[in-house]
Amino acid sequence: MAPKKKVEEPKKVILGRPSNNLQIGIVGVPNVGKSSFFNTLSQTDLGKAANFPYATIDPEEARIPVPDERFDWLCQLYKPASKVPAFLTCVDIAGLTAGASTGAGLGNAFLSHVRSVDGIFQVVRAFDDAEVIHVEGDVDPCRDMQIISTELRLKDIEWVEKGLEQAKKNARSAGGVSLADKAKKEEVAIVEKILKLLVEDNKDVRKGNWSNKEVEVINGLNLLTAKPITYLVNLSERDFVRKKNKWLPKIKAWIDENNPGDSLIPFSVALEERLVRMTDDEKVAEAETLGLGKNASALGKITTAGYTSLDLIRYFTCGPDEVRAWTIRKGTKAPAAAGVIHSDFENKFICGEIMAYNDLKEYGTEALVKAAGKLRQQGKPYEVVDGDICYWKAGQ
């Protein structure tokens, strides 16, 4: 009797745009430190940090290098003429106020800017400072988080209701029994399920349990609450150094209740603004003085968290001319991964010669990796793994 053919599970479709060139937006209510955070993150003064609401109107954009010890080690090994790390594109977006979903303040512009990014850094203010006004009158991070959560959800409800109207219209015109007509009727049920999650279950779309078909419908709607959120809690320098703040347990409880599983990273814009003006040696000395080891900055941790939240990974190409990290989505097959370098590599793909980073680090040279039988030839079905070192072969 012939052995049963292994049935492959369908590949899980990821929420969001099917792209390797993704962006993360920095959002929050006004005057929580968004633009100051953006400025330190990008080491520029593009974001208009000012002590009044709506200092940022048009979003500013910067490409931030993503720290990676593997990349640093590869640069030491190959000593290349050019070094190109992975980058995360960050966008500083205007502050949101209650009523944004109905157009209050800069609501419509704000929400369209959020809609155009793929993930969210939500900056939450947990510091008191009489010099920095709060748009709601006092500091209450849980209220601020609720305002943003509510406004994003209300806008999604509006868009999903419009989507449902269109889906029903399409289904009414689909009188036949073809697969296309059946799909139009199924879409109505899916959009109704999305609406129920938002309205009755009071949950964000990314917290639903969706099939691949449902994810494809959600991606077509481009919903705000489908985007991953990383909560960045802006503390005073004193609270960050002593790792204590009265709001942190309440913020954690709010996330656990409303959006369980979302990341929370405490940091201090005030400290980051000081560190960004220092030399590398001065930063190490300052970190040791503050009792924070050799690195007092949380910016690397934040950048890495944003990159990971978008399901991004990187592979490396290495040589004496250049060591470069190439960003792809998790689950990308070899031809598409090669295609981020040049479309010809994807269209005329033959194979890839792949080394695992850990193997190269263990053996020390490419020749020894090859001698140990660890250099693999991979074809079109291969899914590139984070940290792979790849050499692509393509036809003429």
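The values are calculated or read from the model by the stated rules, or taken from the named source; none is laboratory data. Values in this document were obtained by computation on a predicted structure and should not be read as measured data. FYI the Cβ positions are ideal-geometry reconstructions off the backbone, even for glycines, and counts take in every protein chain you see. All accessible areas refer to the heavy atoms of the entire protein, side chains included, with ligands and DNA or RNA removed. Shrake-Rupley method; radii C 1.70, N 1.55, O 1.52, S 1.80 Å.
Of the residues P249, P266, which single one is open to solvent by less than 60 Å² (accessible area, probe 1.4 Å), not β-branched (V, I, T) and not in a loop (DSSP other than H, G, I, E, B)?
Working: P249 fails: open to solvent by less than 60 Å² (accessible area, probe 1.4 Å).
Going through P249, P266 in turn, just one is open to solvent by less than 60 Å² (accessible area, probe 1.4 Å), not β-branched (V, I, T) and not in a loop (DSSP other than H, G, I, E, B): P266.
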Requiring at least 3 residues that are open to solvent by 20 Å² or more (accessible area, probe 1.4 Å), the strands (runs of 3 or more DSSP E) wholly within the range 318-382 are 322-329, 376-378
Hey, A287 hits all of (1) assigned to a helix (DSSP H, G or I); (2) open to solvent by less than 10 Å² (accessible area, probe 1.4 Å); (3) under 30 Å from G208 (Cβ atoms) but one; which does it fall short on? (3)
Is it true that I194 is under 24 Å from D311 (Cβ atoms), open to solvent by less than 50 Å² (accessible area, probe 1.4 Å), under 20 Å from the mean Cα position of the chain (by Cα) and not acidic (D, E)? no
Can you name the condition, by its number, that T89 falls short on among (1) farther than 30 Å from G319 by Cα; (2) at pLDDT 80 or above; (3) surrounded by fewer than 23 Cβ atoms within 10 Å (Cβ to Cβ); (4) not hydrophobic (A, V, I, L, M, F, W, C)? (1)
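Hey, among D239, D280, which residue is loosely packed, with under 15 Cβ neighbours inside 10 Å and over 30 Å from D201 (Cβ atoms)?
Details: D239 fails: loosely packed, with under 15 Cβ neighbours inside 10 Å.
After ruling out the rest, the residue left standing is D280.
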Out of (1) part of a loop (DSSP other than H, G, I, E, B); (2) within 30 Å of G16 (Cβ to Cβ); (3) without any contact (Cβ under 8 Å) to a residue 24 or more places away in the chain, the odd one out for T308 is which? (1)
All conditions in (1) part of a loop (DSSP other than H, G, I, E, B); (2) surrounded by fewer than 15 Cβ atoms within 10 Å (Cβ to Cβ) are true of E257 except (1)
